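Input: a single structure, listed below in structure tokens.
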Amino acid sequence: PQAGALILQVDSARKQFGGLVAVNNVSFDVRAGEIIGLIGPNGAGKSTTFNLVTGVLPVTSGEVRFCGESISGLASREIVKRGIARTFQHVHLVAGMSVLENVAIGGHLRSDFRPQGGIIASMLCLNRNEEAKLLHEAKRQLIRVGLGDRLHDDASSLALGQQRILEVARALCCDPSLLLLDEPAAGLRYQEKEALAGLLRKLRSEGMSILLVEHDMDFVMHLTDRLVVMEFGTKISEGTPQHVQNDPVVLEAYLGG
Ligand code: ADP
Ligand code: MG
């Protein structure tokens with residue numbers, strides 16, 4: 001996509017669980033090459049918004065558009081195929097398998113082909129050619145994220161910050177134009193956060209759009225181009241980190257009441 005083009009449009013998205021309105025007519029956009037942070041107190045509706053974008057949950061009303069086309073109601077698999085990939089809050093690694101194999105498996109599990117049965121079995125079901133293609137792409141993405149020197153190490157030997165970066169490499173194997181990251185900096189040390197931020201800036205410079213939910217304010221303030229702030233299911237503020245930081249409504253949400 002061209003720089004600045006509209007990638008994601010969340011348009012009056014609403015999600016109701018029985019009588020509880022978890023996301024209340026929320027609208028925001030993500031443009032090509034932007035890093036957007038979604039922040040707000042616990043229970044604000046951030047994860048639910050993520051789930052509406054990735055198709056894990058259907059919207060009650062409103063619409064989500066990706067590159068101008070409605071993706072509301074599409075299955076998660078189909079949404080991944082269109083170019084939205086995500087990482088999860090908790091890292092899913094198979095201990096005893098290499099960094100490379102872990103990324104190859106992740107890419108496989110999130111491709112359109114979704115085999116029944118266990119992870120290892122599904123690996124074995126592939127023919128050599130398919131396996132070689134997966135490994136080639138996994139290696140390419142691991143080099144891209146800076147883990148090229150760890151390909152054959154046991155994945156469980158990676159520090160938490162590197163495991164998070166491995167998860168990003170996995171997501172990149174889906175060839176996304178939008179990356180959704182769920183609390184990527186949680187639990188990381190200062191240097192690890194710096195390394196992760198450096199990687200995300202590099203991806204942005206290559207044209208990637210990134211939407212992240214994050215509690216670490218320091219990380220968010222230094223990394224993002226814009227922030228969307230939610231409270232009780234509603235968007236209460238939006239703008240540059242500088243703007244949001246000084247918005248009395250935001251200060252009230254975090255410090256008040
Ligand atoms: P956040 O990620 O900002 O902490 P969530 O999106 O997880 O907030 O939750 C928003 C609100 O929706 C909360 O009140 C939560 O309890 C409720 N909620 C989330 N998922 C469900 C669900 N599957 N069923 C019922 N209520 C839910
Ligand atoms: Mg959450």
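Each reported figure results from applying straightforward, stated rules to the coordinates on display, with no laboratory input. Being a predicted model, the structure only gives us computed values, none of them experimental. For neighbour counting, all protein chains shown are included, and Cβ atoms are generated from backbone atoms with ideal geometry for every residue, glycine included.
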10 Å-binned pair-distance histogram of the chain (Cα, whole percent): 7, 30, 35, 21, 6, 1
Angle in degrees between helix 160-172 and the longest Cα principal axis of the chain, rounded to the nearest 10: 90 degrees
Cα gyration tensor category, rounded, prolate or oblate, for the range 1-101 with a/c compared to 1.5: oblate
Whichever lysines have a C-alpha closer than 28 Å to that of K202, once near sequence neighbours (fewer than 8 apart) are set aside: K46, K81, K133, K139, K193
At R0 = 35 Å, FRET efficiency that the Cβ-Cβ distance of F232 and V94 yields, to 0.05: 0.35
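222 nm [θ] for the chain, helices only, -39500 (n - 2.57) per DSSP H run of 4+, per residue, to 500?
Computed mean residue ellipticity for the chain: -11500 deg cm²/dmol.
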Run the paramagnetic zone check for R140: 7 angstrom along Cα to Cβ, then residues of the range 89-105 with backbone nitrogen under 17 Å. 100-101, 103-105
Kindly work out what percent of the DSSP beta bridges joining two residues of the chain are antiparallel, to the nearest 5. 55 percent
